[in-house]
Amino acid sequence: MAANLKTIVSSATQTVEISRDGPTVIIGERINPTGRKVVLQALREGNFDIVRQDAKEQVAAGAAILDVNAGVPGADEPALLQQVMRAVMEVTDVPLCIDTANPKALEAALKSYRGKALVNSVNGEERSLNTVLPLVEEYGAAVIGLCMDDNGIPDTPEKRLAVADKIIERAARLGIDVANVIIDPLALTMGADSKAGWIALRTTELIVREFGVNISMGASNISFGMPDRRYINATFIAMAIHAGLTCPITNPLVPEVAIAILAADLCMGRDDYGMRWIQAYRQRAKETAAQA
Ligand code: THG
């Protein structure tokens, strides 16, 4: 059983600590044009109002970090990503999770970022390890490592554990502290494979036991194509927190999900005297009263 590790990320003014001893850290997923046509269209038009609004709303709903993705097909991603990051930083001070598959966009983003960013992501492919990890080291960032490699996404928890091992080992070789490596076991959609949820949960358990690292996941992926997604997402996220998930990439504006996270933290003994649960309850009661 490995000791639980602590990952620090920061902005110029705020520090966020991710660990299994503290509350679950929500990474807000919504600033992402993939699968969100309104964001895609707005970014194409150079309109960042929706980005600013998504940033404010997600932080108000409990996001401690914001994922920022500017993957617009055909766009100049290094420039666009920086514009999106600037728009976000105009309205909030939370640390950012830089979500890009483009090494040039990543480097430009890291160069201009003030604080310790979270890089989303590296994976076990040689090309990814060789381009992303040196940037993570150079800029002193933390990184999310996806459990996939040159052979694709493994179909068993044991094989995903082996990819996590490889990413951690390669990071360590470059002098990156294992505490700065967060592993993503990969939540695939259960609409395509009904075992996808179980595989992600079991992989989480194995990786936590072996390495004690923090765990992230695009937790809403799990329910793509299913009706009533919010119930699936809420249940899955609570189960994943028990398994060891510490920093889900999800949408805190979905009340079922935000409430499930608070309840899971309470059940895990990470909410002293239930203060956060009670405070959130009072906030909801106030909002309901205001609407009446
Ligand atoms: N792992 C890591 N990073 C990731 C993912 C992951 N980044 C991207 C993605 N997966 C996580 N982000 C999202 C963003 C949005 C949605 C799901 C995951 C989503 N969007 C709604 C939909 O498609 O139906 C649209 C919501 C709307 O339009 O309001 O579900 O796995 N490391």
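Throughout, read-outs are computed from the coordinates displayed, never taken from laboratory work. All values reported here derive from a predicted model rather than from experimental measurement. Please note: Cβ atoms are built from the backbone with ideal geometry, for glycine as well, and neighbour counts cover all protein chains shown.
Length gained on full extension, Lys56 to Asp228: 59.3 nm, using 0.36 nm per residue less the C-alpha separation. Taken as Cα centroids, segment 22-65 and segment 72-114 sit 13 Å apart, rounded to the nearest whole angstrom.
Percent relative contact order of segment 73-230, based on C-alpha pairs within less than 8 angstrom and at least six residues apart? Rounded, it is 17 percent for segment 73-230. Lys and Arg at +1, Asp and Glu at -1: add these up for the other residues within a Cβ distance under 10 Å of Ile27 and post the number. Combined, the nearby Lys, Arg, Asp and Glu give -3. Taking a ≥ b ≥ c as the square roots of the Cα gyration tensor eigenvalues, with a/c under 1.5 meaning rounded and otherwise prolate when a/b beats b/c, else oblate, which class fits the chain? Rounded is the answer for the chain, as its axis ratio a/c remains below 1.5. Other residues whose C-beta falls under 13 angstrom from the C-beta of Ala55 contribute a net charge of -3, scoring Lys and Arg +1 and Asp and Glu -1. Looking at the square roots a ≥ b ≥ c of the eigenvalues of the Cα gyration tensor of segment 92-186, which shape do they give, rounded for a/c under 1.5, prolate if a/b is larger than b/c, or oblate? Prolate. With each run of n ≥ 4 DSSP H residues scored as -39500 (n - 2.57), what mean residue ellipticity at 222 nm is computed for the chain after dividing by its residue count and rounding to the nearest 500 deg cm²/dmol? For the chain, the value works out to -15000 deg cm²/dmol. Of the trypsin sites (Lys or Arg not before Pro) found in segment 76-134, the ones in coil according to DSSP and having at most 13 other Cβ atoms within 10 Å of their Cβ are Arg114.
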